[in-house]
Structures are given as C-alpha cells and as structure tokens.
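**Q** Can you keep this structure in mind? I'll have questions shortly.
The values are calculated or read from the model by the stated rules, or taken from the named source; none is laboratory data. Just so we're clear, the structure is a prediction, and the values are computed from it rather than from any experiment. Reconstructed Cβ throughout: ideal geometry from the backbone, glycine too, with neighbour counts over all protein chains shown.
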Amino acid sequence: MDRLQSMRVFAKVIEQGSFARAAQALDMSNAVVTRHVADLEDHLGTRLMNRTTRKLSLTETGHAYLERVLQILQEVEDAEAIASSQSKKPAGILRIYSHLGFGQQQLAHLLPLYASQYPDVTLDVTLSDRTVDLVEDGFDVGIFINLQKFDANMIARQLAVSEALLCASPDYVRRHGAPEELEDISRHSCLNFSYEQLRHQWPVKGPDGSLINIPVTGKVVSNNGDLLRHCAIAGMGITIRPSFALGDDLAAGKLVRLLADYELGRLPVMLVYPSRRLLSAKVRTFVDFMSKQFPRPEHDPWQTT
C-alpha cells in the first residue's frame, strides 16, 4: 500500500464529504478510493470514519489522525516545492516592504548587489513606518524592526540586532558639553520623535539594569528619523537613533556617541515572508542573499564603539 497516497485519498474524502466526490476529484474509481481508506484503517487497526448511506463522520481517532495527516501532506508539498524551485531561474517582480530607516540607510546599499546577481528580477520597493499586512498588501517579503507589528503566522528570520544610540554632533558637544549623567539629558536640546511614547521622555537602562524615563524637551519634533539625524549632524541637539541609521555617521565623525554605558534598547531586525509553501525562486534567493549579508543574527554589525 502506498501509505502517503492513502493519506491523500483519506483527506480528500473528508474534504469532499463523500467517496464518490473524492473519486471524481482524484480521477479514481469509487472502488480504488474505498480500498485506500480501508487499507489505511486496516494498517492502523482502528476505524477512522463512520459511514452511512447519507453521511460520513470522523471518529475521535479520525479527527486526531486527519489533523496530523494534513500537516504531513503540507510538509511533503513544501519539500517538493523547494526541490522544484531549485531549478527555476529567479525572475519577475519582487515586491519588498522595508522599515523606512533601514531601507534608506542599509537596503539602498544592498539592493544593487542582489540585482547584479539576479538581473531578471525587477525590484519594487516600498519604504514606510506604517503597519502593513504582507499578504493583504501584496508584498513578497518584508523587513521589520521590533517596534513594528507583523502577523505571527508569517515566517520570520532575524537578520541582526541594532542598538539604539544617543548621539550629537562634535560641534554641539563643543558648544554645550556632553551629558555625563542621565539627568543631564533633560538640560539639553533633544531632537524628539513625535510618537507619543518618545515625545516627552526617553527610556534608558542604566548599568545596573534599571529602567529610567528621562524627561526631554527640544525645538524639533518629527515622525521622521532621517530628518532628526540631519538635524543632529547640523548641531541642533541630541537624538536617539538605531545603530543601522548612525553607523556611517559615527565612523565618519559626523556624530559622536554619548553615555555609551547606558542601554537605550536593542532592536531586532527581522526578515519576514508569508509562507515556506511554494516559495518562489525570487523570494528564496532574496532570503538567502539577506541571510548571507548578516551571518550573525544576534550581533549588531553597525556598532563602531
């Protein structure tokens, strides 16, 4: 007996609600469908369904068995899809969603590398901080940071961790001095996000692990981190930004890190896609490409100090 085929037939009978409709859907005779189910029950030594002339119903054992059978059949289908996709050439439109800051500061440098390897793939990229539903909005893959929400049913792979950094320009530090203690931040001009949770205070974790909310004020408030970054470089105040947005500026000396002994948060950078099922070659190659760019998912690759 082909047990896997018998599982498929059993699942189709339940799906269709009758042996006759299952036989038609599978292009088999009624006798062959009946034989598959009977052989399966004989092998298991238990009845999976109750049959009458009008109705089929699963036994308690049949319910439990069907649940596992459906999982097994899905895994088999996924394995076959992966094997099949290995021989397909990546092509077509790859729709990518990315967190705005990460897209501007990092993805913009990486996409040309991917495009050079897979010239038949057209990249359609959307950058935003808004919440998106990858399936509903038609995206193939998305890059999120931990402050953004995504469907827990998605496949998620961590690429890296980005630490939030407190920074200012050398010119600002020369004119106003650098804060030496957490409380000093409140006396400085702070470049604030307009998000309610960050507009009036910054949560900072001290060396002992305790969390302290520092009141902040300033003359610039924005919902755009890149604008705040440029204002910081121009010497307008102190800002908090993830390391992936500031690494190049720190390395170039445009910004200096402040209060490095304090932790302002660690932000996982997540690569998310809807399903492993029938994963296309263009998605598979992009997932593999991004994973190779970030071989240490628990590491912050943008830290310079």
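**Q** So which strands (runs of 3 or more DSSP E) stay within segment 203-279 end to end and still have 1 or more residues that are within 30 Å of PRO295 (Cβ to Cβ) and under 29 Å from the mean Cα position of the chain (by Cα)?
**A** Details: elements: 211-215, 217-222, 238-242, 266-273.
The strands (runs of 3 or more DSSP E) meeting that bar are 238-242, 266-273.
**Q** Taking segment 35-57, which residues are of a type in the set (Ser, Thr, Tyr) and modelled with pLDDT of 90 or more?
**A** Selection gives THR46 alone.
**Q** Further, regarding this structure: How about segment 209-250: which of its residues are within 26 Å of SER128 (Cα to Cα) and among the small types (Gly, Ala, Ser)?
**A** GLY218, SER222, GLY225, ALA232, ALA234, GLY237, SER243, ALA245, GLY247
**Q** Give just the number: which of (1) in contact with a Leu (Cβ under 9 Å, 6 or more places away or on another chain); (2) closer than 28 Å to HIS99 by Cα does GLN201 not satisfy?
**A** (1)
**Q** If you don't mind, another one. For segment 217-245, enumerate the residues that are of a type in the set (A, V, I, L, M) and buried (at least 22 other Cβ atoms within 10 Å of the Cβ). Quick ask: steps written out before the conclusion?
**A** Step one: list which residues in segment 217-245 are of a type in the set (A, V, I, L, M), which gives 220-221, 227-228, 232-234, 236, 238, 240, 245.
Residues satisfying the conditions are LEU228, ALA232, ILE238, ILE240, ALA245.
**Q** What pairs come out if I take residues in segment 95-110 that are more than 15 Å from PHE139 (Cα to Cα) and pair them with residues that are buried (at least 20 other Cβ atoms within 10 Å of the Cβ) and small (Gly, Ala, Ser) whose C-beta lies under 6 Å away, six or more apart or interchain?
**A** Sorted first by the residue in segment 95-110, then by its partner, the pairs are GLY101/GLY225; GLY101/ALA245; GLN105/ALA245; LEU107/SER98.
**Q** Provide a single number: the residues in segment 274-305 that are within 30 Å of LEU70 (Cβ to Cβ) and either modelled with pLDDT under 80 or of a type in the set (Val, Ile, Thr) (or both).
**A** As a first pass, look at segment 274-305 and keep what is within 30 Å of LEU70 (Cβ to Cβ): 274-288, 291.
Okay, now just the ones that are also either modelled with pLDDT under 80 or of a type in the set (Val, Ile, Thr) (or both), so 275-279, 283, 285, 287.
The total comes to 8.
**Q** Something else about it: Kindly evaluate LEU228 against the criterion of being without any contact (Cβ under 8 Å) to a residue 60 or more places away in the chain and either on the phi > 0 side of the Ramachandran plot or among the hydrophobic types (A, V, I, L, M, F, W, C) (or both).
**A** Working: without any contact (Cβ under 8 Å) to a residue 60 or more places away in the chain: yes; either on the phi > 0 side of the Ramachandran plot or among the hydrophobic types (A, V, I, L, M, F, W, C) (or both): yes.
Judged against the criteria, LEU228 is a match.
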